[in-house]
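Working notes, structure below.
Rule-based calculations on the coordinates, nothing more; no lab input. What you are looking at is a predicted structure, and each value in this text was computed from that prediction instead of being measured. Using ideal geometry, Cβ is built from the backbone for each residue, glycine included, and neighbour counts are taken over all protein chains shown.
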Amino acid sequence: MAYTQGLGPCARKSVEVQVLFPAPVVIYYINSMRKFLSIFLLSAACCLLPAPVYADYQSAYNDYSYNYTVYRNTYNDYQVSKSTFLTYHTLTSQNDAIDKMRAVLKARDQVMLVYYNLLQEKLNATPGVEESVKITFGKIKESEKNWLTDHQKKIEAANSLEDLNSASAEFENRYPQMDTETKQAVGEILLAKENNLGGQVDQFINNLNTKLTEIRQAGEATTFADRGIINTKNKLELFRTKLTQSREVFYSKNSGKIELFTGQQKLLEANQYLREAVNFLSEIIKSYTG
Amino acid sequence: MEQKNNNWVPWAIGGSLLILVIIIIVGITVGIAVIKSAFQFSSTPQATIKAPEVTIKPVSSKYASDSAVLKLNEDLKIIRQSIDTVDLMEPQINTPALDLNINIKL
């Protein structure tokens, strides 16, 4: 009771509580509360901070996947409305057709928007993609993003079928350019993957050559290994030829449309040569490990 | 008298046929015996001599346990696995299938 003298009723009460519990327990309790509060505040601050638009490739893919599903659904609705309008020609069916067409056109733009984001994330996440490629694609993405955003606004403002038809035609005219840009980005991703593997094999040959030099200096014959390395390099030469052919397909502008599948086939052929090169290297290693 | 003389003819034919059959049987038997002896067909199993088992031990290189060679071996396994599992089709990032004929014309 001596502690409560000269204090207000509330303070007196708290001091009484302190008297009820031993001092170390109270200090421990206060420290714990402070820690808990600081963690809580920190977490709240993190939640309030603006999150990055695409933390990683997976979230970009989820976004793309969701928007593509939305597009497919709106497209089905549009087809039903279009059919109803073309059958009955009523004002109600016309208004419904306008709404559904507006929705599908906006969804189509949105799919392309998120597809550009997806490719950017994939380029960032794929080892071996050159920095210049990422930057160039980033600029292309921004340009297309601006176009698509403006286009979506135009669609939103359109109130007649004629205006919507016109907006749709604008996208269709723009699409070949977007198709080329995106296919080249896909090509860059695939080329980087295969090129990266080729680089690993090159590095391995360098390491192997270092060891073979050491063996040679020890006075041992390395004829089998030398022959194997020549064969490996021949396969790598064929591998690089296929890579070049694949790049030519991804950047071909003659036909107007890039044949992604043809480029992928060339890459698969390149991969086969890489496997054969690794088989030769494996034989060399086996000749030493037994 | 004439009838008596003609009776021996069938007996002579039968006798000569019998002799011919006997000759054929004997010939076949002798022939089989000759072929058997020539190709050494024998009904009794002969003792087989097993070839000595020769086990070739791989000549172990003195680099078999060399740390650098073992490291190379491990590196190559990783590279091979990467080559075998690389996805060059990437269906997730393929161009979306969009409809390019969205319009309502009367």
Calculate, axis by axis, the spread of Cα positions in region A:131-243 along the three principal axes, and write the results as whole Å, longest axis first.
87, 22, 13
What ranking do B:TRP8, A:TRP147 get, fewest neighbouring Cβ atoms within 10 angstrom at the top?
B:TRP8, A:TRP147
Under 8 Å for C-alpha pairs, at least 6 residues apart: give me the relative contact order for region A:132-273, rounded to a whole percent.
25
Which value does Rg/Rh take for region A:57-159 over its C-alpha atoms, Rh per Kirkwood?
1.14
Suppose each label sits 7 Å from its Cα in the direction of the beta carbon; what would the B:ASN101-A:GLN272 distance come out to in nanometres?
3.7
Residue order, fewest to most beta carbons within 10 Å, for A:SER168, A:SER282, A:SER160
A:SER160, A:SER282, A:SER168
Theoretical gain in end-to-end length, A:LYS139 to A:ASN73 [0.36 nm per residue, Cα-Cα removed]
20.7 nm
Can you list the lysines whose alpha carbon sits under 27 Å from that of A:LYS211, skipping same-chain ones fewer than 8 residues off?
A:LYS233, A:LYS235, A:LYS286, B:LYS57, B:LYS62, B:LYS71, B:LYS77
Taking the reciprocal of mean 1/r across every pair of different Cα atoms in region A:192-289, the Kirkwood radius in Å is 14.8
Below 8 Å, C-alpha to C-alpha, sequence gap of six or more: please give me the relative contact order for region A:63-167 in percent.
31
Fewest-first ranking of A:LYS235, A:LYS154, using other Cβ atoms within 10 Å as the exposure measure:
A:LYS154, A:LYS235
